[in-house]
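Report on one structure; see the data block that follows.
The values are calculated or read from the model by the stated rules, or taken from the named source; none is laboratory data. Just so it is clear, the structure is predicted and the values come from calculations on it, not from any experiment. When we count neighbours, we look across all protein chains shown, and the Cβ atoms used for this are built from the backbone with ideal geometry, even at glycine. Just the protein is used for accessible areas: all its heavy atoms, side chains included, with ligands, DNA and RNA removed. Shrake-Rupley method; radii C 1.70, N 1.55, O 1.52, S 1.80 Å.
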Amino acid sequence: MENVTQFFYALDDFMWGSWMTILILATGILLSLRFRFRYQRSIVFNFKNTFAKMLSEGEGEGTISGFKAACTALANTVGTGNISGVATAIVSGGPGALIWMWISAFFGMSTKACEIIIGQRYREHYKESMNEYICDRSFVLKNAFGWKKGAVVLAVFCFVFGPWTCSVQTEAVTSSIAEAFHIPSYISVLLIGITCLVTIWGGLKRISNVMSKAVPVMAVLYIIMGLGVLIMNYREIPGVVALIIKSAFSPTAAMGGFAGATVRDAIQYGVARGIYSNDAGTGYGMIAHASACTDHPVRQSLWGWGEICLDTFIICTVTAFTIIITGAYYTSDATSGALTTIAFTKAYGSIGGKMTAVAIAVFAWTTIIGMYYTCEKSVNYAFGDTEANRKIRPVYMIYYMVPCVILYNLEAEALWAFTDVLSAIYVLITIFIIVARHKEIFRLFDDFWGRYLPAKTRGENPPFVTFDCKEKT
């Protein structure tokens, strides 16, 4: 096991080396320039077409509302990546890792928008086995490139190894719950396994209904708790900001239990954990948003802005400031969710640790459920819109939960290394798809802003721009 762990450490270090950082940032920068920073600067328009329409069922063809699709995506993004992922980023990359999370998120808004547009453009409507609009990387490889065999290989890879990434979720839960409540890990894992299985058994509509309630409520409560820490320590905020900025561009010295970090560490862990947290570039956006009812793919793509704002610029920032302002990252040897739990315990006493443990548990719970939905799409592709697809799904639900409940006690850094490697593979595939289909993405983008939206503004009723690429039989 030690050799396997060291292998993933080395592979993680290579996959998230300088070349990957440059690739991710360059892609986001070039897309942002082509989009004229529309996703970053049109804040009022973006808000009106996302959070302001949370109660709307949406227009056009689809399975669920745009908001519920976004909450399903947020279940992936607003999770332990915001809590344990940020903690490991700071432990490994220093306080400056937060700056690089921000930078990758800023340009990642454009990357994630492209994923959503692609998901809407190359989706299929499975009418026989599940009555859902669905898409993932495999559907795109088939419908956009005609690579049916390669798409099957990718689908099998994703649904076999995808569940293993959820081990970081259960590890974060067990470590934080044990830290705050001293509850044995097997009890936490058993409870998570049973409740997650019951939820995913109900399919997309149950998943989206649960996520549309659980994710916003838990996110708001966690933000309030974090803001309380900042208010109580407001005098220290300027010093924390200065430390974060300095650490992003110069080495961070070792102190206490913190071993120090180089600038390369800050960039690598900031970008890697940022990507895992907000999913910009991983391809998950095309999966969750493909089911949304919307009148135009580009309108749905505005949710990429909303997800990243809530995920990285608010929740991740709250977590990072709490860890740094309380000094938890250099006074404790803890990592992952336990470190964040310790930070809130320092701020609020034992009640703070308990509240954080509950937040981590809920976030991990929603992420495991959201990740199931993305993995299931690969199963759907592999078996097609057939009776076999309907029958295999309950079997896959059981398989999906196995890694979550048996691998949680592995070393946190090892689990994150494995997760980083899979994320890197997904990023490479997604960036390839975006680059290869950039003309279609830009065509739809220009169509929305140059034709469709002006027509709607003039009071006209242009036909909805929706897609279904399923082959007619």
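Values computed for the structure shown
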quantity: Global form of the stretch 214-304, assessed from the alpha-carbon gyration tensor, a/c cut-off 1.5; calculated: oblate
quantity: Pairs of alpha carbons in the chain whose separation is greater than 39 Å (percent); calculated: 17
quantity: Segment I183-K439, extension gain: residue separation times 0.36 nm, minus the distance between their alpha carbons; calculated: 86.8 nm
quantity: Relative contact order for the chain, counting Cα pairs under 8 Å that sit 6 or more residues apart, in percent; calculated: 34
quantity: Convex hull volume per residue in cubic angstrom - Cα atoms of the stretch 38-179; calculated: 179
quantity: The stretch 1-114 - percent relative contact order, Cα under 8 Å, separation 6 or more; calculated: 38
quantity: Relative contact order, percent, the stretch 279-438 [alpha-carbon distance under 8 Å, six or more residues apart]; calculated: 27
quantity: Between the stretch 304-376 and the stretch 148-181, the alpha-carbon center distance in angstrom; calculated: 18
quantity: Cα-based convex hull, the stretch 24-115, per residue volume (Å³, whole number); calculated: 123
quantity: Partners for K346 among lysines (Cα-Cα distance below 22 Å; same-chain residues under 8 apart left out); calculated: K354
quantity: The stretch 151-264 - charge dipole about Cα centre, Lys and Arg +1 at Cβ, Asp and Glu -1, debye rounded to 20; calculated: 300
quantity: Cβ charges +1 (Lys, Arg) and -1 (Asp, Glu), total dipole of the chain, debye; calculated: 1240
quantity: Per residue accessible area of the chain, 1.4 Å probe, in Å²; calculated: 37
quantity: The stretch 258-295 versus the stretch 421-467: alpha-carbon centroid distance in Å; calculated: 20
quantity: With all protein chains modelled, accessible area of K391 [1.4 Å, Å²]; calculated: 130
quantity: Over 20 Å (Cα to Cα) - which of K213/K470; K127/K377; K68/K142; K213/K377; K48/K377 fall in this group; calculated: K213/K470; K68/K142; K213/K377; K48/K377
quantity: Accessible-area composition of the chain, carbon plus sulfur, in percent [1.4 Å probe]; calculated: 67
